[in-house]
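As structure tokens, the structure follows; a few thoughts come after it.
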Amino acid sequence: MDYQKIIEKIYDEVKPLIEKGIVADYIPALAKTPANKFAMTVSTVNGEEFCVGDVDDNFSIQSISKVFTLTIAMNMIGDDLWKRVGREPSGNSFNSLVQLEYENGIPRNPFINAGAIVVSDAIFEGRGKTKNKILQFVREISGNNTLSFDEEVAESERIFGNKNRAMANFIKSFNNLNNLADDVLDIYFHQCSICMNTKDLAHSFLFLANKGINPKTGDIILGTRKTKRMNSLMLTCGLYDAVGDFAYRVGLPGKSGVGGGIVAVVPGELSVAVWSPGLNKYGNSLAGTKALELFTTYANNSIF
Ligand code: GLN
């Protein structure tokens, strides 16, 4: 398959969409991101890589980090985690509070903010220790030792994260948070602030295309059954309340973030990361979603 030719054609086709989306500004540090950016990387389990656009630009991975912390939690805690967080799509926006009250502080799934906050609490071993663990994990699976937190973004989230703070305290009132809300939020805001480019992101997700094994090192990152579950969760919950539309148009498990990144997995073959900061009304990259739709159309590689 000539992936290079395919992604170059996609780049041409999505150009009119690139500046049509709205860059997230509810986290003021993200609002500075230029809207005219686009990058796409395909990384195969056989070690090939195909790139187009601004692939060396780093961006804030935001909610994509929820896959990394869930991977750590699945390894650390196992099935007990599911007593504290559900596995159903929420049908509400990623930062919605409404279900939490009538579902007794048990978030619908680990990829909405409430669920990710519970996951960060579940892996909490101290602010510094947990942040370090997450960073080391992301460096390991991306193969890039220079990856880091963007402290300006983390601080901006802390200052303006009143909804997340409300959520964490609300969850704690239902006894579904073991640690102090501010300690857990410090982890959550930092994991969201991790910066990488589409090459790093595609590399980081390759283990999910390879039955949980990092194809570059042979390391088992996640067991086979847990990998199946992670991909299933991404398919059903990875794009918030636009997950049905994404499954309909793209047909792959994926995860998005309000920094404009989306990453998707073709099991057994590849991972594909795309970045364009302009978002649609659901908080997913507008040009990025279209690019992935065109990718599975031209490469004929949706899982269905
Ligand atoms: N840090 C963001 C928030 O908490 C993550 C949201 C996202 O990427 N959808 O609102």
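The values are calculated or read from the model by the stated rules, or taken from the named source; none is laboratory data. From a predicted model like this one, the values you see are computed outputs, not experimental measurements. In this analysis, Cβ positions are derived from the backbone assuming ideal geometry, glycine residues included, and neighbour counts consider all displayed protein chains. SASA here: full protein model, heavy atoms, side chains in, ligands and nucleic acids out. Shrake-Rupley method; radii C 1.70, N 1.55, O 1.52, S 1.80 Å.
Remarks
- Within region 118-145, residues that are over 20 Å from residue 198 (Cβ atoms) sit with their Cβ atoms under 7 Å from residues that are among the aromatic types (Phe, Trp, Tyr) and surrounded by fewer than 21 Cβ atoms within 10 Å (Cβ to Cβ), at 6+ positions apart or across chains, in these pairs: 130/124.
- Condition met for residue 88 (of a type outside the set (S, T, N, Q), free of Cβ contacts under 8 Å to residues at least 40 places away in the same chain and open to solvent by 10 Å² or more (accessible area, probe 1.4 Å)): no
- Residue count for region 12-32, restricted to those that are under 18 Å from residue 54 (Cβ atoms) and surrounded by 19 or more Cβ atoms within 10 Å (Cβ to Cβ): 7.
- The single condition among (1) more than 16 Å from the ligand (Cβ to nearest atom); (2) within 18 Å of the chain's Cα centre (by Cα); (3) open to solvent by 10 Å² or more (accessible area, probe 1.4 Å) that residue 104 does not meet is (2).
- In the set (1) at pLDDT 95 or above; (2) open to solvent by 10 Å² or more (accessible area, probe 1.4 Å); (3) on the phi < 0 side of the Ramachandran plot; (4) charged (D, E, K, R), the condition left unmet by residue 241 is number (1).
- The single condition from (1) open to solvent by 50 Å² or more (accessible area, probe 1.4 Å); (2) among the aromatic types (Phe, Trp, Tyr); (3) within 16 Å of the ligand (Cβ to nearest atom) that residue 149 fails is (1).
- Number of positions in region 99-122 that are of a type in the set (A, V, I, L, M) and in a loop (DSSP other than H, G, I, E, B): 2
- Region 163-192 residues that are over 15 Å from residue 73 (Cβ atoms), paired with ones that are open to solvent by less than 20 Å² (accessible area, probe 1.4 Å) and of a type in the set (Asp, Glu) (beta carbon under 6 Å, 6 or more apart): 189/157
- Of all residues in region 107-133, those satisfying the criterion of being hydrophobic (A, V, I, L, M, F, W, C), open to solvent by less than 10 Å² (accessible area, probe 1.4 Å) and either under 16 Å from residue 230 (Cβ atoms) or more than 16 Å from the ligand (Cβ to nearest atom) (or both) are 111, 116, 119, 123.
- Sole exception among (1) surrounded by 22 or more Cβ atoms within 10 Å (Cβ to Cβ); (2) within 13 Å of the ligand (Cβ to nearest atom); (3) part of a loop (DSSP other than H, G, I, E, B) for residue 252, by number: (2)
- Output for region 161-209, where each listed residue is more than 21 Å from residue 221 (Cα to Cα) and charged (D, E, K, R): 163, 165, 172, 182, 183, 186
- Subset of region 260-282 [open to solvent by less than 10 Å² (accessible area, probe 1.4 Å) and in a loop (DSSP other than H, G, I, E, B)]: 260, 276, 277
- Condition check for residue 56 on (1) touching an Asp or Glu at 6+ places or on another chain (Cβ under 7 Å); (2) away from the ligand (no atom under 16 Å from the Cβ); (3) part of a loop (DSSP other than H, G, I, E, B): one failure, at (1).
- The single condition among (1) more than 16 Å from the ligand (Cβ to nearest atom); (2) small (Gly, Ala, Ser); (3) within 15 Å of the chain's Cα centre (by Cα) that residue 276 does not satisfy is (1).
- Among (1) modelled with pLDDT of 95 or more; (2) closer than 15 Å to residue 63 by Cα - the single one residue 165 does not satisfy: (2)
- Any chance residue 247 is part of a helix (DSSP H, G or I), without any contact (Cβ under 8 Å) to a residue 40 or more places away in the chain and among the hydrophobic types (A, V, I, L, M, F, W, C): yes
- Region 1-41 - residue that is β-branched (Val, Ile, Thr) and part of a helix (DSSP H, G or I) and, of those, farthest from residue 271 (Cα to Cα): 14
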